[in-house]
Amino acid sequence: MPRSLPSGLDLEKTGFQRSFGRSYPRLVPIIPDLKHKRATLRLMKELRSEKVHKRIRFSTTNVRLRFNQHKLMLTELAKIYKVKVKNGQILKINKSHISQRSWMSKMSSGSSNYNPRSHTITLTGKFSMITSLHEFGHARGFDEVDAVIWSTNLFKRIFPKSFEKLGEHGHTLSTVKKSKKY
């Protein structure tokens, strides 16, 4: 029997969580009272001050910079939630080939994934904060619904201005062009 949407600290337990095996939600569930660990909020605010969520121009140096920032974030989150090691495997963070086209695309991080067998997060395309958080949710054991809830609501809380610029596409978010007002 599917459980109701979480509230409070339901998604903030430490260690690996039980997956309820649910597939993608139809929409992005926003839960204003969803709580997050203080250490998580502190880390995300530090990243906000470093403008990790802002788009930067394509170069191999910038790709390396963004990857290292996301890798640091994911490594620190693994410590906070005590999911650094699973079945003897240390959480690994990899990136696939990043092209200028995928870097500039509005929806190019969707092939990022978490592989539970090797306990590895692979980031593809541009490095999206929401996508990195979503895949980390899977590393914690979340199914699609909980990963979407946790990552989206955390992003909205820390980056409200950037969140307002996003448009919903089913269970995902992407940048949308604002229409000019005449």
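Coordinate-derived values only; no laboratory data. Since this is a predicted model, take the numbers as computed values, not measurements. Counting neighbours? That spans all protein chains shown, and the Cβs are built from the backbone with ideal geometry, glycine included.
Amide H contacts of ILE93: ILE121, each under 5 Å away and 5 or more positions distant or on a separate chain (H built 1.01 Å from N in the peptide plane; Pro and chain starts excluded). Over 30 Å between Cα atoms: which of LYS82/LYS126; LYS84/LYS165; LYS82/LYS165; LYS51/LYS79 fall into that group? Long pairs (Cα-Cα over 30 Å): LYS84/LYS165; LYS82/LYS165. Distance between the pseudo-spin-label points of THR60 and ASP33 (7 Å out from Cα toward the beta carbon): 5.3 nm.
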